[in-house]
Structures are given as C-alpha cells and as structure tokens.
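We did not get these values from a lab; they are worked out from the coordinates using the rules stated. The structure displayed is predicted, hence computed values, not measured ones. Cβ placement follows ideal geometry from the backbone for every residue including glycine, while neighbour counts extend to all protein chains displayed.
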Amino acid sequence: IQGLPITREWIERDEAGRNDQGVHIGVTSKNAKCILVIEKEGVYNRLSEERLYDRFPCIMVTGKGVPDLASRALVKTLHDELDLPVVGLCDMNPYGISVLSVYHCAGNRMGVDGNYRYSVPIEWMGLRPTEVNALHEKHHFPETVFQALTDLDRKRIESLTDEMSPYLDDDEKDEVADHMKFKVELEALYWLGADFMGQWVYKQLQRRFA
C-alpha cells in the first residue's frame, strides 16, 4: 500500500468487513507475494519512490516506528484475508527488532489492545547482524556507521533473547546474543550506492518468495 494513510477503519471493521456505518471495507490483491512491514517512514518513502513493489509484487506498510493499533489491525487484515506472509525490515539494533515484535505480540502494557490482539507471524528479514558483517567484509562500511550499544540496548537484547520471549526463534536469539555487538541503521546501505538498499531488499524478497 503506497501513499494511503492508515486509519481507525481497520479497527472498527466487523467480521463481515463492515465499519460502524455499514460500509464494507474489503482488500484485494492481484499478484502480491508478501506484506513488507518497514520500521522507518523514511526508508518506506525511499523504497516507494524506487517503486520496489513493481519490481517485486508486495504490499508495503509502515507503522512509522512502534505501530499503533490501526497499523497492526491493517497488517492483520491483509495477512488473514489475502493469505500473505509478513516480513519485517528494521535497523540492525534491538529497538528495531522490538518494533517488529509488536506486530507479533504487543505485550501486557497495552491492556486489551496488547498481547496477541491483531497478532501476525512476522519474519525478521533484516537488517541482521550476520548480513551486516558479510556486507562489511565485502564492501567495507566507514566506521561512522557502527554505533555503540547503550545500557538500554543491552537490556533490550537480554529481553529479546530470553528463553520466554515469544518473537525470535532460537537461532535468531543466538544471532542477536552472539553478533549484535553494535548498532547499524538501514540508511548505512546508502554508503554502498544510492540504489543499493532497493537492490538488497529486492534480493532478500526474491530469495524468500520467488
């Protein structure tokens, strides 16, 4: 979905897809292969400008950081009614992974709107520590893209990798615990070329869904 605001209509739909005024709100897709949830609005805008969805048929959604209830309800509706897998794109840092985890389980602090309400299985596509290491070995990022972890970051890593944490699987928890020794933002990919991020995301999607 490109350029459309996410409104409360997605929360107010009943099981038949009608809002409180009786208007039916349906979703259709001719050829989308997945739903791409993007953490950051700036990255979403850039990939939209590059028309990633034309190169690889996908529905692009951003919650502009931590998603609100309407954003989660939209992704849930798209996933359920179109039977499409959901993948997430975020910064390589514990905050970014935490943003994606909200689509999976919003937690107790959100009350009735938390936990597994509007929950979807969302794959952590990237940016992942092992991918950053591989890209750095091949292309050599400038040192300025690597940011030190804060005490809050380390606490988030402990929470994400706890055996009771519901989002990441065991291999992903090991990757975070063993390899997330610094932070790298998605925008670091622009150091490798103005169109590198779009090409990289396309290859990631192609590898999973082609």
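Points worth noting:
- Taking amide H positions as modeled 1.01 Å from N, with prolines and chain starts lacking one, the residues under 5 Å from residue 126 and 5 or more places away or on another chain are 88, 90.
- Amide H within-cut-off set for residue 63, under 5 Å, with H built and near neighbours excluded: 38
- Local net charge near residue 39, Cβ-Cβ under 11 Å (Lys/Arg +1, Asp/Glu -1): -1
- Cross-link check: pairs 155/183; 138/183; 138/173; 30/76 evaluated at a Cα-Cα cut-off of 20 Å; pairs beyond the cut-off: 138/173.
- Shown here for the stretch 142-210: GluC sites (Glu not before Pro) in loop regions (DSSP other than H, G, I, E, B) with at most 15 other Cβ atoms within 10 Å, namely 163.
- Positive contributions from Lys and Arg (+1) and negative ones from Asp and Glu (-1), summed over other residues with Cβ under 14 Å from the Cβ of residue 206, come out at +4.
- Phi to ³J(HN,Hα) by Karplus 6.51 cos²θ - 1.76 cosθ + 1.60 over the stretch 161-173, Hz, x for Gly, Pro: 9, 4, 4, 8, 5, x, 8, 6, 7, 4, 5, 5, 4
- Ranked by how many other beta carbons lie within 10 Å on average, peptides 59-66, 149-156, 37-44 from highest: 37-44, 59-66, 149-156
- Placing a pseudo-label 7 Å from each Cα along the Cα-to-Cβ vector at residue 143 and residue 81 gives an inter-label distance of 5.3 nm.
- Per-residue 3J(HN,Hα) values for the stretch 204-210, derived from phi via the Karplus relation 6.51 cos²θ - 1.76 cosθ + 1.60 with θ = phi - 60°, read 5, 5, 4, 5, 7, 10, 5 Hz in sequence order (x marks Gly and Pro).
- The overall shape of the stretch 139-196 is prolate: from the C-alpha gyration tensor, with semi-axes ordered a ≥ b ≥ c, the ratio a/c is 1.5 or greater and a/b exceeds b/c.
- Chain lengthening between residue 203 and residue 55 when straightened (0.36 nm per residue, less Cα-Cα): 52.2 nm
- Considering only alpha-carbon pairs that sit under 8 angstrom and 6 or more positions apart, the relative contact order computed for the stretch 144-210 is 34 percent.
- Cβ charges +1 (Lys, Arg) and -1 (Asp, Glu), total dipole of the stretch 57-160, debye: 220 debye
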